[in-house]
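Some notes on the structure that comes next.
The values are calculated or read from the model by the stated rules, or taken from the named source; none is laboratory data. Values in this document were obtained by computation on a predicted structure and should not be read as measured data. Neighbour counts run over all protein chains shown; Cβ positions are idealised from the backbone, glycine included.
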Amino acid sequence: MKQGANEAAIQDFTNVIKQDPDFDPAYYGRGTAFHCIGEYDLAIRDVLKAIELDPNDSDYPTMLEIMRRGKEKLAEIMSQQREREEYCERVSPELWRQVQETMKILRGSN
């Protein structure tokens, strides 16, 4: 589902929840749509609400685990990205100087 379709689904499920706040499939559906657009906290909140309303639905805990793993993976990726950026900020000036020196040597102008 594309992001626009997920956002439309979120709005539709929200409207259903407004009309029937105890309809657990609407929370599950909205949570799934939130998950699809990377809104993990909102997704987890909604699936937890679905579990609260219907603790016997075996699909809800499974999806909750998938969402939690997705959130953890995103946090891991963001941490790695920050580490790369910090490394590049430290290394780039020296690396650039080395590239310039190498280019001078290759051009024959020491």
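What to note about this one:
- Where a residue in the range 41-56 is buried (at least 18 other Cβ atoms within 10 Å of the Cβ) and at pLDDT below 95 and its partner, wherever it lies, is not in a helix (DSSP H, G or I) and not aromatic (Phe, Trp, Tyr), with Cβ under 8 Å and at least six apart: none
- The number of residues in the range 73-110 that are over 30 Å from residue 41 (Cα atoms) and assigned to a helix (DSSP H, G or I) comes to 20.
- Test for residue 75: is it among the small types (Gly, Ala, Ser), at pLDDT 85 or above and surrounded by 14 or more Cβ atoms within 10 Å (Cβ to Cβ): no
- Of all residues making up the range 83-98, the number that are among the β-branched types (Val, Ile, Thr) and surrounded by fewer than 10 Cβ atoms within 10 Å (Cβ to Cβ): 0
- Entry remark, the range 15-43: residues being more than 18 Å from the chain's Cα centre (by Cα) and either in a loop (DSSP other than H, G, I, E, B) or over 22 Å from residue 66 (Cα atoms) (or both) number 9 in total.
- Single condition residue 108 does not satisfy, out of (1) farther than 28 Å from residue 11 by Cβ; (2) within 14 Å of the chain's Cα centre (by Cα): (2)
- Count of the range 7-37 residues which are polar (S, T, N, Q) and touching a residue at least 24 places away in the same chain (Cβ under 8 Å): 1
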